[in-house]
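Undergrad: One structure, as structure tokens, below. Some questions next.
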Amino acid sequence: MDNVSVVEVGRPAVRRRTLSRYLSGHLKGGEYTWAVAFLVPYVAVFLTFVVYPIVYGVWMGSEGKLYRELFSDPIYQSSVVNTVLYLALGVNVKMFLALLLSGFFMRRGWWMKALLMIFILPWAVPQISTFISIHWMLNGEWGFLNNLLFKLFRIEGAYWLNDRWMALGAVIVSHIWKWTPFWTLILLAGRMAIPLEISDTAKVDGATGVRGFVHITFPLLANLYLICTLLSTIFLLGDFNTVYFISGGGPANSTHVLGTLGIRNAFDMAQPRLGVAAVMSALPLVIPLVIVLMRKLRTAEVQL
Amino acid sequence: MLRGSLALGTTSLLAPPRVARAAATTASMWFSQGFVQDEDVSLRKAVTEYQKQSGNTIELSITPFAPERQKIVAALTSGVVPDLIGFSNPNEILQIYGWQDRWVEVADVVETQKAQFSETALLGSQAYNSVVKKRLTYGVPLRAAIVPCHIWKSLVEKAGMKIEDIPKTWDAYFDFFKKVQDALRKQGERKVYGLGFQVTANGVDPYNLFMAFLVAYGGKDIVTKDGKLHLDDPKIKQAAIKAAAYLGGAYKDGYVPPSAINWNDADDNNAFHAKLMVMDVDGTLSTEVAIKEKRPEWYFNEIVTHGTPGYPNDNAGKPVPAIVNITNGLIPKGAKNVTVAKEFLKYFIQPKVLGEFIELGLGRWLPVMPALAKSPFWQNPKDPHLKGYVQQGLLGPTVPDYYVFNLAIAEVRNQHIFSTAMIDVAKDGVKPETAIEKAFKRIEDIFAKYPMA
């Protein structure tokens, strides 16, 4: 104690003051109380609906033996492969199409607006009913597609949902059909935000058509395109409806993705912890995606 | 014994329902939505009547079948439970959570009507508790389901055959529908199949189908009452191989709609109603009940259950026991009002109340008391379905589904082990012996997870 300086003795008081000032900022008296009152509901909602479910989920899926059981399940192994394919093809084909189509819809004219309205219909209609319709359309015996093929060309169509790769293909195509309009609109908005002076100047310099796209439009859209791709990947990783209503995870459980497998394990098998573990096993992919997304969103430079 | 219980049952049917007056209070009850609206109406009627007589309140929550299953699993996982789960959904939920010591014992409730229940129903109300290492009564049997055969009489006749022509023994019975298909194809019918076998890995239908064939081929003792598995018994193995060979072979030979490989539980009903196949082997009378009001001509004239011979005998001519799934009322541990939940169950299982509840539901579900099968409703000679259904599932030989003896079978079912064997044979041309060998190894692994004292 003898060796402790006056500065050291006084430090806790200094710290307390600093902390108090840090918490209250420049607010005084009643202002501070009001600030806390406004903050409390948000914090309560955040703790209840964000923190608690995440912590509970992590706790439910925290046992090592769950993952041993999961990894030894052949259905899980094929579900991981399906998830990767679903993400790789579903996201990239969709975003690339959206990029091209957003350029198409930049054209002028009333008919283009009418066409855009029709184009966004798949996204606007409720997804469950449309996916059930697609499931029925693809039925091998009495589905619309095969009946049409038979009536028009006397061809016996394939049993689209009886084979793993065809069924997974149907799921991916349905996802692309459903969500391309949405991302097209986002990218269209991005294109429309490019200042006219830039594109006009580029045109004067000879950057028209593909050259204009490669050197002007795409570089300006690149950041938006990347953010959309990351967001779409995160959305798709948790997708349940498309697989569940188009292929049902079949045939023989061969087209499950992690989202549907989690529900199957949790409720069909009445093993909720195993279900949570299936979904949690996607975290090594989700966390880096979220980090990259956050970094991109924080980019301070003026970019679209 | 049966006659005695029938006499007792008749007396109980005539007596007015008895209600014990627990302290006036409230209990919450979850129940699955019926396949037809009449089921819900009959449940509400029973609840209203109980409330009037007892002064208690039952907060009834009716949820569609699949979400209710999720609701129950979520409730038992989180610990926020209702006072009464009126419909064990899935049925094996009794055994799954019984294993974990999560139910309130209800032997005292069952005791009030013990003489009325079938032996299969009483077995189906029990579960092995791995904590106390005992088999205890956790369920109150309410109704039952079996897997009957649904047949388009009109398609059989269109093929130039008669329902009376259907043979009585197992293989011949199902082979008959292959002949119907062949005859219909010769008439130019492009898309009609003889057999609606659910050679799929979705839902509960494929397991029920496989087990019906397994039992018919002599595999009844695959799991015995003591919970022991008997895969090393050559008789069981042969029965499983035969079942995989017949079911997978019928698909491979083109007698089953190709899309059956990816059907869910409702798809076979829809396909049957679309006359895609001549016959379907599917649980409960939902196939018939669903169209009774809208298409009475189908119900009364065009569709028959089992046909003239009734549920087929085995290939040696002996009756085949029907595998019965019992729906139970359950009280979870943590329920706030166990007293009222038990009182309601005691009221509900009185033969008069339970019988009326099942009959108002159009007979989709079977009663669990043999005496109730003798009612004019079930024995109506003008109804082409009910008499054969109740004979198969209540008056004839029955066994409870095997998860009652060992919970591991529920996991075998939910992991679709037998379905995969069928599909291996049907789609990939795997030999039935190889497919069953693979299935048996997996089943042994699953059973190892559930050791019973």
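Throughout, read-outs are computed from the coordinates displayed, never taken from laboratory work. Computed from a predicted model, the values in this text were never measured in an experiment. FYI the Cβ positions are ideal-geometry reconstructions off the backbone, even for glycines, and counts take in every protein chain you see.
Undergrad: What do you get for Rg/Rh of region B:295-453 when both radii come from the Cα atoms and Rh is the Kirkwood radius?
TA: Answer for region B:295-453: 1.05.
Undergrad: Could you tell me the distance between the Cα centroids of region A:237-304 and region B:95-118, to the nearest Å?
TA: 39
Undergrad: Sorted from largest down, what three extents in whole angstroms do the Cα atoms of region B:196-304 have along their principal axes?
TA: Projected onto its principal axes, the Cα set of region B:196-304 covers 49, 32, 23 Å.
Undergrad: Separate question: Per residue of region A:169-184, in order, report the coupling 6.51 cos²θ - 1.76 cosθ + 1.60 (Karplus, θ = phi - 60°) as ³J(HN,Hα) in whole Hz, putting x for Gly and Pro.
TA: Here the 3J(HN,Hα) series is x, 4, 5, 5, 4, 5, 4, 4, 4, 6, 9, 4, x, 4, 6, 4 Hz.
Undergrad: Hey, what did region B:294-453 get for relative contact order, percent, Cα under 8 Å, at least 6 apart?
TA: In percent, rounded to a whole number, it is 24.
Undergrad: What's the whole-number percent of alpha carbon pairs in the protein assembly as shown lying beyond 47 angstrom? Kindly include the intermediate steps, with their values, before the conclusion.
TA: Working: 91320 of 286146 pairs.
Counting pairs separated by more than 47 Å, the tail of P(r) holds 32 percent.
Undergrad: Shifting gears a bit: Using a ≥ b ≥ c from the Cα gyration tensor of chain A (square roots of the eigenvalues), is it rounded, prolate or oblate, where a/c under 1.5 gives rounded and otherwise the larger of a/b and b/c decides, a/b for prolate?
TA: Because a/c hits 1.5 or more and a/b fails to exceed b/c, chain A counts as oblate.
Undergrad: Shifting gears a bit: Could you work out how much longer the chain between A:Val40 and A:Ile287 gets when fully extended? Use 0.36 nm per residue separation minus the Cα distance between them, nm to one decimal. Display every interim value, and only then the final one.
TA: Details: separation 247, 0.36 × 247 = 88.92 nm, distance 2.80 nm.
So the chain would gain 86.1 nm between A:Val40 and A:Ile287.
Undergrad: Now a separate question. Region A:192-239: D in µm²/s via Stokes-Einstein (Kirkwood Rh, Cα pairs, 37 °C, 0.692 mPa s)?
TA: 271
Undergrad: Could you state the number of Å between the C-alpha centres of region B:205-265 and region B:171-201?
TA: Each part reduced to its Cα centre gives a spacing of 19 Å.
Undergrad: Same structure, new question: Could you work out [θ]222 nm for chain A from helices alone, using -39500 (n - 2.57) per DSSP H run of at least four and dividing by all its residues? Round to the nearest 500 deg cm²/dmol.
TA: Result for chain A: -22500 deg cm²/dmol, rounded to the nearest 500.
Undergrad: What FRET efficiency do you get for B:Glu111 and B:Thr48 if R0 is 30 Å and r is their Cβ-Cβ distance, rounded to the nearest 0.05?
TA: 0.70
Undergrad: While we're looking at this one, here's another question. Would you please calculate the Kirkwood hydrodynamic radius of region A:238-304 over all C-alpha pairs and express it in Å, rounded to one decimal?
TA: Computed over region A:238-304, the radius equals 13.7 Å.
Undergrad: Please give, to one decimal in nm, the separation of the simple spin-label points placed at A:Ser62 and A:Met112, each 7 Å out from Cα toward the Cβ.
TA: Between A:Ser62 and A:Met112, the label points sit 5.6 nm apart.
Undergrad: For labels at B:Lys318 and A:Ile128 in the simple 7 Å Cα→Cβ model, what's the distance in nm?
TA: Once both label points are built, they end up 4.8 nm from each other.
Undergrad: Hey, how many Å between the Cα centroid of region B:353-420 and the Cα centroid of region A:49-128?
TA: About 43 Å separates the Cα centre of region B:353-420 from the one of region A:49-128.
Undergrad: Find which of A:Val43, B:Gln379, A:Leu283 sits farthest along the positive direction of the dipole of the protein assembly as shown, computed with +1 on the beta-carbon of Lys and Arg, -1 on that of Asp and Glu, about the Cα centre.
TA: Of the candidates, A:Val43 comes out farthest on the positive side.
Undergrad: Another question about this same structure. Rounded to the nearest 20 Debye, what is the dipole magnitude of chain B about its Cα centre when Lys and Arg each give +1 and Asp and Glu each give -1 at the C-beta?
TA: Around 400 debye, computed over chain B.
Undergrad: Arrange B:Ser88, A:Ser133 by Cβ neighbour counts within 10 Å, fewest through most, would you?
TA: A:Ser133, B:Ser88
Undergrad: Treating the angle as unsigned and between 0 and 90°, give the value, to the nearest 10°, between the Cα long axis of helix A:283-298 and the longest Cα principal axis of chain A.
TA: That works out to roughly 70 degrees.
Undergrad: Here's a follow-up. Please report the relative contact order for region A:115-243, taking Cα pairs under 8 Å with a sequence separation of at least 6, and give it as a percent rounded to a whole number.
TA: 25
Undergrad: Pull out the extension gain between A:Tyr52 and A:Arg154, defined as 0.36 nm times the separation in residues minus the alpha carbon to alpha carbon distance; nm, one decimal.
TA: 30.9 nm
Undergrad: Would you pull out the residues with amide H under 5 Å of B:Asn129's amide H, same chain only if 5 or more places away, H placed 1.01 Å from N?
TA: B:Lys134, B:Arg135, B:Leu136
Undergrad: Mind sorting B:Glu49, B:Glu293 by how few other Cβ atoms lie within 10 Å of their own Cβ, fewest first?
TA: B:Glu293, B:Glu49
Undergrad: What are the equivalent ellipsoid semi-axes of region B:357-396, built from the alpha-carbon gyration tensor (square roots of five times its eigenvalues), in whole angstrom, biggest first?
TA: Rounded to whole Å, the semi-axes are 13, 12, 9.
Undergrad: Test of understanding: ordering A:Arg211, A:Arg164, A:Arg108 by Cβ neighbours within 10 Å, fewest first, what list do you get?
TA: Going from least to most buried by this count: A:Arg108, A:Arg211, A:Arg164.
Undergrad: What percent of all Cα-Cα pairs in chain B falls in each 20 Å bin, counting up from 0?
TA: Taking all Cα pairs of chain B, the binned fractions are 25, 57, 17, 0 percent.
Undergrad: Which ³J(HN,Hα) values, rounded to whole Hz and listed in residue order, are derived for region A:28-43 from phi using the Karplus coefficients 6.51, -1.76 and 1.60 in 6.51 cos²θ - 1.76 cosθ + 1.60 with θ = phi - 60°, glycine and proline given as x?
TA: Running phi through 6.51 cos²θ - 1.76 cosθ + 1.60 with θ = phi - 60° gives 10, x, x, 4, 5, 4, 4, 4, 5, 4, 6, 7, 4, x, 5, 4 Hz.
Undergrad: Would you mind computing Rg(Cα) / (2.2 N^0.38 Å) for region B:26-183, counting N as its residues?
TA: Cα-based Rg divided by the globular estimate yields 1.40.
Undergrad: Under 5 Å between amide H atoms, partner at least 5 residues away or on a different chain: which partners does B:Leu60 have, H built in plane at 1.01 Å?
TA: Sorted by chain and number, the residues that satisfy this are B:Met29.
Undergrad: While we're looking at this one, here's another question. For chain B, build the charge dipole from Cβ charges (+1 Lys, Arg; -1 Asp, Glu) around the Cα centre, then report which of B:Gly160, B:Val390, B:Ile146 sits farthest towards its positive end.
TA: The Cα lying farthest towards the positive end belongs to B:Val390.
Undergrad: Pop the C-beta distance of B:Thr308 and B:Arg442 into the FRET formula with R0 = 51 Å and round what comes out to the nearest 0.05.
TA: So the FRET efficiency works out to roughly 0.80.
Undergrad: Now a separate question. Could you derive backbone 3J(HN,Hα) for region B:54-66 from the dihedral phi with the Karplus parameters 6.51, -1.76 and 1.60 (θ = phi - 60°), listing whole Hz in sequence and x where the residue is Gly or Pro?
TA: 9, x, 7, 10, 10, 7, 8, 10, 9, 10, x, 3, 5
Undergrad: Moving on. Quick one: which residues, 5+ away or cross-chain, put their amide H under 5 Å from the amide H of B:Gly329? H built at 1.01 Å from N.
TA: Residues meeting the criterion, in which the H sits 1.01 Å from N, are B:Val140, B:Leu142.
Undergrad: What number, in percent, do you get for the relative contact order of region A:67-298 if the mean sequence gap of Cα pairs under 8 Å and at least 6 apart is divided by its residue count?
TA: On the way: 253 pairs, mean separation 66.3, N = 232.
That works out to 29 percent.
Undergrad: So what's the net charge close to B:Pro319: Lys and Arg +1, Asp and Glu -1, counting the other residues with Cβ under 15 Å from its Cβ?
TA: +2
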